[in-house]
Every structure is written in C-alpha cells, then in structure tokens.
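Written out below as structure tokens is the structure these notes cover.
Nothing in this text is a laboratory measurement; each read-out follows from the coordinates by a stated rule. Bear in mind that the values here come from a model prediction, so they are computed numbers and not experimental data. Backbone-built Cβ (ideal geometry, glycine too); neighbour counts: all protein chains shown.
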Amino acid sequence: MKASDPLVTAALAARENAFAPFSKFKVGAAVEGLDGRIHTGCNVENASYGLTMCAERVAVFKGISEGARRFKRVAVAADTRRLTPPCGACRQILWEFCGDVEILLVNPHGKTETHRLKDLFPKPFDATYL
Ligand code: THU
C-alpha cells in the first residue's frame with residue numbers, strides 16, 4: 001500500500017475536519033464501498049463526552065446513508081508514532097459492514113501498516129448468532 005493511495009489521502013484529509021476540542025486527538029477514516037466510492041469521517045466530540053462518535057463509525061454510517069451496504073477497504077489516520085487502530089466499538093461496526101477487510105493505518109508523516117480485521121477482532125459477534 002502506498003501513502004498516495006486515494007483511500008489513505010482521503011482519511012488524512014478527513015482528519016483535518018476532526019472536532020476534538022476535548023481530547024485534541026484528531027482521527028480521520030475512509031471506507032471504500034463495493035462500487036469504488038470513498039466515504040470519509042472524522043471524530044466528533046461532545047461536551048457530555050459519552051456521545052462522542054469515532055471517525056470510523058462516522059465514515060461507515062455516512063456510507064450507509066449514501067446507499068452503500070458493504071465496504072472493501074478501510075483507512076484510519078491519526079498523528080501517532082505507534083499507529084492508531086480502531087477502538088473496540090468500531091471493530092464491531094466494521095465487522096458487520098466489511099467482514100474480514102484490510103485496515104490501513106496511517107499517520108501524516110508517511111508511516112503505514114496493514115492489518116486484517118479478523119486479526120484485530122478474532123471472535124466477533126454477528127448476525128450468525130441470531
Ligand atoms: N477515536 C476515534 O475517532 N477512533 C478510534 O478508533 C479511537 C478513538 C476518537 C474518539 C475521541 O474523539 C478521541 O479519538 C480520543 O479518544
């Protein structure tokens with residue numbers, strides 16, 4: 001994966017829109033739907049803290065609201081030396097809408113890593129249990 005990958009560029013750009021006045025920790029995410037469209041998100045914090053929404057879920061929910069139903073790739077951008085993986089809640093959401101996809105982790109200094117969601121989230125709950 002290249003730092004110039006459009007999904008990576010989109011996640012880094014979305015990070016610039018992060019609304020993180022409380023943590024100052026800005027996160028961007030981008031998901032690519034089956035039709036190739038890219039949907040982006042940033043974290044949106046709230047003064048009540050618990051209502052804060054992560055960048056990954058904003059990106060997925062925006063994609064769903066724009067007609068996508070499944071995503072084939074995910075990128076997450078944060079300015080950390082140890083690249084930032086999705087939180088547990090986001091892993092659950094990503095599993096439901098992406099399955100075992102590649103998750104690209106990036107920072108604005110050109111560092112990248114690729115992980116499979118199954119490795120980050122090895123025993124997911126999903127609709128097969130219902
Ligand atoms: N955050 C994300 O947007 N994605 C993650 O996967 C981890 C955490 C946000 C939530 C909060 O606004 C800030 O980062 C600090 O936790």
Q | Label-point separation in nm, HIS109 to ALA127, each point 7 Å along Cα→Cβ | A | 4.3
Q: State the extension gain, in nm to one decimal, for the chain segment bounded by ASP35 and LYS72, taking 0.36 nm per residue of separation less the distance between their alpha-carbons.
A: 12.4 nm
Q: Quote the relative contact order of the stretch 1-91 in percent (integer), defining contacts as alpha-carbon pairs under 8 Å separated by 6+ residues.
A: 29
Q: Work out the FRET efficiency for LYS118 and ALA47 from their Cβ-Cβ distance, taking R0 = 35 Å, and round it to the nearest 0.05.
A: 0.45
